[in-house]
Amino acid sequence: MYIKKRSLSGKKRIKKQPKTILDYAFIKVDYSYLRITVKYFEIMSVRVRFAPSPTGFLHIGGLRTALYNYLFARHHQGSFVLRIEDTDQSRYVSDAEQDIIESLEWAGIQIDEGPHKPGSFGPYRQSDRKELYLSFAQQLVEQGDAYYAFDTTEELEEMRERLKKSGNPSPKYDSITRQSMKNSLTLPQDEVQKKLENGDEYVIRLKVPRRETIKFEDEIRGIVSFDTAGLDDQVLLKSDGMPTYHLANVVDDHTMEITHVIRGEEWLSSTPKHMLLYKAFGWEAPTMAHLPLIMSPSGGKLSKRKAETEGIPVNTKEYRFGHYEPEALINFLAFLGWNPGDDSEVHDMSSLCEKFTLDRVSKGGAVFNYKKLMWYNEYYVHHRTIDDLLPQVQDLFRHSGIKADDGTFLKSVLALLHERVSKVDEFVPMGRFFYESPTDYDEKALKKWNDQSAALVQSFAGRLVEITEQEFTAPVIKQGLEATVEAESVGFGKVMMPVRIALSGQGFGPDLFPAMELIGKTECLLRLQTAVERLV
Ligand code: GLU
């Protein structure tokens, strides 16, 4: 439920109460006008939509738009609609719709109505609503708010060239130029009729008024105003019979009873055209909210190219298949342009739904901080239970060719590595040595392998041999290492590091003694021996 403030105002003529003799004298002619404003509140059910064009994989900016819409809808117990805006057939990508739906589901954004989940406002794909747009476009022509234009590409080009030559750097098809073009405003009516009957190609253009200020209130930006002088007579219906984004968007938002349009800032400049359309149709426009741009850390809009050079995955797909935690991405994106008004940073979806309001969305661009995203990812991985992690990590191991079928063993491995990973797929490189002996040794680690190392490893191995299989536990192994350190009069690290390298091939890793217990006595001794022989 959403409470919308509304006001009605008008002028009311009231008779001034006569008080003095003079007043009586003027009573017949003296009236005051009082502007009265009635404020009232309307309780409405919120309906928002996410309206992507299926031109590619779901961009991270699109996911944030979907998220803010979803949070707003849930905050007000409203509905979240997915509408596929596929009117531009030339840019259509066939897998895109599936990717959008799967990505939203992965992120935990539940779609209430959409092409795969029909509600009572369908169809939800614009290509399936073609007839609807045609009839609305024709209605505008009949009303005199739009017109047929028959100009060919060459004629349009010629007009632009002509205007450029006469000093107009950005020529438009507008209230002035339309008068010298081939359209239903300039051609005789019977000629227009003939052209239509002949099936001549035409577009329908919006008759944008000359010099009018269009004002609307944006929930994030406040009052926004545009001058129509900067607008083209927007094409509403293309020659292939398809609507443009502008017509389809407005018709659908109205017929689908959308109450709030929450979308990226890049659509702000389209809004005056939409407002003109709402006015022409006599429809009430939904409440508008334009979200801030997502910026690259090096400045400027986070474009695909910029993201690539800065190592930021830009498609939701890369996060899905890159083993990021969906809760982390959601938490991170929620804060990319919004804050709850206090210092709290960790919020799951239900907490975000509860806290989210549009008045806390910022106007300024939000910088994509990948480190912050990884901070969230680490937080959410650490808060998953081992049981929850098990099947996913088991799969990851299998994919990398390691049979990690023994669940109990893998759980012990996970427990040892859990606090060291910031992303689930790191379990595999970090945990590989629990299953396989190292094939080679990390170069950086080998810098810590010196002339003494082989002898110290051998000395430690000698003590391990003494321990029985049953007694080969972390505390007993630790005692063995302590005894070696004492007998050889060296520091702990002098023995520990070469042993770690020999066992895992790495210079870092989980607690060594429990790891050795898991690997087992025979295998540990074999690896120590191999290293001593190979690293002479
Ligand atoms: N189809 C537009 C897009 O691709 C929708 C913009 C809007 O929400 O109005 O983002």
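Throughout, read-outs are computed from the coordinates displayed, never taken from laboratory work. Computed from a predicted structure; not experimentally measured. We place every Cβ from the backbone using ideal geometry, glycine too, and count neighbours over all the protein chains shown.
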Low-density loop positions, trypsin sites (Lys or Arg not before Pro), the range 346-431 - DSSP coil, at most 10 other Cβ in 10 Å: LYS403
Per residue Cα convex hull volume in Å³ - calculated over the range 339-493: 208
Charge dipole (debye, nearest 20) of the range 386-519; +1 at Cβ of Lys and Arg, -1 at Cβ of Asp and Glu: 340
Residue order, fewest to most beta carbons within 10 Å, for VAL208, VAL421: VAL421, VAL208
Förster-model FRET efficiency, 35 Å R0, GLU191 and TYR92, C-beta, rounded to 0.05: 0.50
Vicinal HN-Hα couplings computed from phi for the range 463-472 (Karplus, 6.51 cos²θ - 1.76 cosθ + 1.60; Hz; Gly/Pro x): 6, 5, 4, 5, 7, 6, 4, 5, 8, 6
Over the chain: helical MRE at 222 nm, DSSP H runs n ≥ 4 each giving -39500 (n - 2.57), nearest 500: -13000 deg cm²/dmol
Spatial separation of Cα centroids for the range 416-488 and the range 176-235, in angstrom: 76
Sorted by Cβ density within 10 Å, fewest first, the residues ILE294, ILE214: ILE214, ILE294
Partners for LYS447 among lysines (Cα-Cα distance below 21 Å; same-chain residues under 8 apart left out): LYS494
Close Lys-Lys pairs in the range 167-323, where close means Cα under 17 Å and separation is 8 or more or interchain: 15
Cleavage-rule hits, trypsin sites (Lys or Arg not before Pro), the range 185-240, DSSP coil, Cβ neighbours within 10 Å at most 12: ARG210, ARG211
Exposure proxy ranking, count of Cβ atoms within 10 Å, fewest first, for LEU67, LEU456: LEU456, LEU67
Relative contact order of the chain, defined on C-alpha pairs under 8 angstrom at six or more residues apart (%): 11
Cα lying deepest toward the dipole's positive end in the chain, options GLY520, ALA404, ILE176, charges on Cβ: ILE176
Low-density loop cleavage sites - GluC sites (Glu not before Pro) in the range 84-132, where at most 16 other Cβ are within 10 Å (DSSP): none
Within the chain, percent of DSSP bridges classed antiparallel, to nearest 5: 70
Hits among lysines - C-alpha to C-alpha of LYS521 under 17 Å, sequence gap 8 or more where chains match: LYS478
Percent antiparallel among DSSP beta bridges (both partners in the range 249-380, rounded to 5): 20
Computed magnitude of the charge dipole of the chain (debye, nearest 20; Cβ of K, R +1, Cβ of D, E -1): 2920
